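Enquirer: Have a look at this one before I ask anything.
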Amino acid sequence: MYSWLRVLNLKAIFVLVLIGVLSPSVFAKEPGYYGLGQPASDEEIAGWDIDVRPDGVGLPAGSGSVADGESLYEEKCSTCHGLFGEGEGRWPKLAGGEDTLTEDRPEKTVGSYWPYASTLWDYIHRAMPFTAPQSLSNDETYAITAYVLNLNDIVDEDFVLTKDNFTDIEMPNKDGFFLDPRPDVKNPACMNDCKDPDSIKVTSAIKGITPLEHLGKNKELSDKLRTKTERMTGTADTQGMIVYEQSCVLCHGDGLAGAPKLGDLDAWKNRVSKGMDELVKNAIEGFTGDTGVMPAKGGNSSLSDEDVAAAVVFILEKNQK
């Protein structure tokens with residue numbers, strides 16, 4: 001019995017060795033094959049392949065007037081960028097800044113800095129509005145692009161932007177960019193005498209935008225956020241309060257994109273009636289209603305489901321006081 005087991009073991013070892021010898025040639029796949037995932041479908045590729053080049057390649061059919069763009073801009077863009085592109089708070093300015101690029105603090109707007117109109121169309125279509133990216137139709141994107149160009153005196157008030165006349169637009173700073181003639185060089189990373197990560201402190205963050213989880217739960221900044229929200233709500237809650245301040249206050253503090261404001265009991269009444277489970281589900285997965293859009297996790301995908309649930313509990317508690 002023992003001898004048979006020994007023979008079988010030897011045969012098994014031989015087979016494993018043989019596979020190891022043959023695997024590089026017999027079992028090799030084409031270059032770049034890692035055995036992970038699956039080939040992207042034409043539909044998936046088309047969903048990602050939406051970039052627009054300065055020469056107009058990639059632009060879809062469509063059109064939009066400055067007049068139509070004005071009403072769309074006021075509805076979907078002005079809350080952050082101002083009625084005339086002047087920017088609200090720390091949100092980017094879209095207009096103005098002429099002849100400021102040589103100053104110590106230049107204003108880099110669409111009119112003063114951007115070299116190509118394609119960047120404007122592409123960014124609006126890809127990432128705007130902030131609360132519902134890629135929700136604009138092609139015609140709406142053309143219209144808003146035309147209006148922003150008009151705010152910068154690049155096109156007239158009766159202008160209608162189309163795929164055919166798009167490349168005729170000349171941006172004021174089109175000659176302000178050049179190819180960098182310096183050659184590529186190798187710069188190996190220095191891994192000696194590195195700074196201790198625990199000694200690095202975050203001193204500021206853009207309200208509602210900058211996620212802080214990857215910064216090691218910086219205590220000093222968390223304390224500042226807690227103190228600020230305590231003043232606003234009269235509470236000392238922790239997790240839900242901090243998540244709210246980081247990722248929710250942008251919309252629910254000012255009512256952006258139809259979001260119900262914190263403390264507006266009438267606006268929250270129907271929502272609360274859906275129950276906690278439904279509210280948490282909508283906050284995690286996103287929701288489109290009659291009055292606005294709720295992006296998944298408030299647009300901050302780094303949040304865990306538990307973080308979002310804590311923020312919902314915090315908001316509901318404040319709306320019951």
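Enquirer: Taking P295 as meeting all but one of (1) touching a residue at least 60 places away in the same chain (Cβ under 8 Å); (2) under 15 Å from Q239 (Cβ atoms), write down the number of the exception.
Expert: Of (1) touching a residue at least 60 places away in the same chain (Cβ under 8 Å); (2) under 15 Å from Q239 (Cβ atoms), only one is false for P295: (2).
Enquirer: Now a separate question. Condition test on D68, is it farther than 26 Å from G286 by Cβ, in a helix (DSSP H, G or I) and more than 17 Å from the chain's Cα centre (by Cα)?
Expert: yes
Enquirer: Could you please find all residues in segment 75-91 being out of contact with any His (no Cβ under 7 Å at 6 or more places or on another chain), in a loop (DSSP other than H, G, I, E, B) and not charged (D, E, K, R)?
Expert: Residues satisfying the conditions are C77, G82, L83, F84, G85, G89.
Enquirer: Taking G96, is it part of a loop (DSSP other than H, G, I, E, B), over 19 Å from G258 (Cα atoms) and either in contact with a strand residue (DSSP E or B) (Cβ under 8 Å, 6 or more places away or on another chain) or of a type outside the set (A, V, I, L, M) (or both)?
Expert: Criteria met by G96.
Enquirer: Still on this structure, please answer the following. Would you be able to say whether some residue in segment 157-164 is under 30 Å from G289 (Cβ atoms) and of a type in the set (S, T, Y)?
Expert: Looking through segment 157-164, none of the residues is under 30 Å from G289 (Cβ atoms) and of a type in the set (S, T, Y).
Enquirer: I'd like to check which helices (runs of 4 or more DSSP H) are fully inside segment 229-321 and have at least 1 residues that are exposed (fewer than 15 other Cβ atoms within 10 Å of the Cβ) and modelled with pLDDT of 80 or more.
Expert: 276-285, 305-318
Enquirer: Moving on. I'm trying to understand the selection: among the residues of segment 42-73, which are free of Cβ contacts under 8 Å to residues at least 12 places away in the same chain and either more than 19 Å from A127 (Cβ to Cβ) or among the β-branched types (V, I, T) (or both)?
Expert: Selection gives D42, E43, E44, I45, V57, S71.
The values are calculated or read from the model by the stated rules, or taken from the named source; none is laboratory data. Please read all numbers here as calculations on a predicted model, not as lab measurements. No Cβ is skipped: glycine too gets one built from the backbone with ideal geometry, and neighbour counts run over all protein chains shown.
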